[in-house]
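Please read the structure below before turning to the comments.
The values are calculated or read from the model by the stated rules, or taken from the named source; none is laboratory data. What you see is a predicted model, and the numbers here were worked out from it, not measured in a lab. Quick reminder, even Gly has a Cβ in these numbers, built from the backbone with ideal geometry, and neighbours come from all protein chains shown. Accessible surface is based on the protein model in full, side chains and every heavy atom, while ligands, DNA and RNA are left aside. Shrake-Rupley method; radii C 1.70, N 1.55, O 1.52, S 1.80 Å.
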Amino acid sequence: MSRAWLERWRSLAVDIRTARCTVAVVLLLCGVQLLAAALGQPDWLYDRFGLSRSGILEGRIWQVATYALLHGPWPDWWWHLAINVFGLLIGGAMLERIAGPKAFLKVFLAGVMIGGLVQLPTAPDPSKVLIGASGGIFAVMLWLVTLSPGARMWPIPVSAKNMGIGVMLAEAALLVASWLLPESGLALFGNGCHVAGGLTGWWLARKQLGPLVSKEDLVRERARREAMENPGGLP
């Protein structure tokens, strides 16, 4: 293993060790899933706290947040939880180091809630119950790549901008495919939630960065600055 990889692992370990809010969310997800497993993962738990159109229509508005605490029932829950925990530890810890715990919670929770709300009308099968924290994780990831588009996204050797574009295009394609190919099983995945969560993270990052500066803006600013430096119009 190269020195660069060792340094990256060491840096990641420091990020995770100091990202108390991110670690708390990870422990909460693991704790809830272990409790669900201890209860035998009853159907009522997923029906009541997972996100579904019928549940929202029945007034269970808490589902737009609580669905993120649950992960796939046995035997699928372990890998579903592991993937989300891995993404959250890497992305969440980095976001928390850059902008602090409040920013992390804002981005993560906004991705969860907006992703869940968009999933409701875009899911091809309204009977499916949405679970998992990936909407918030997509928000975190797109926030990071938008804030630093030229960074190299370890462990994948591509730029942050290209990775973000590729991931969002892939999720949008999967969402369309889930409608065109209803028997493919793609309806099991929350692609609408992923797309909306990612766009939420992108929007929050753009809001933090401020408005984009165009060439015309730069020309106007230069003209204004020159006018201030030479108010009399002298050559």
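Here the gap between Leu45 and Ile61, fully extended at 0.36 nm per residue and compared with their Cα-Cα distance, gives a gain of 4.3 nm. Across the range 112-154, the residues whose backbone nitrogen lies under 14 Å from the label position 7 Å along the beta-carbon direction of Asn162 are 149-154.
Each peptide among 186-199, 44-57, 169-182 gets the average number of other Cβ atoms lying within 10 Å of its residues, and from highest to lowest they stand as 186-199, 44-57, 169-182. Model label sites at Leu28 and Ala172, defined 7 Å from Cα along the beta-carbon direction, differ in position by 3.2 nm. In this rough spin-label picture, where each label sits 7 Å from Cα along the Cβ direction, the Ile98-Leu35 distance is 3.2 nm. Accessible area per residue for the range 61-124, computed on protein heavy atoms with a 1.4 Å probe, is 47 Å².
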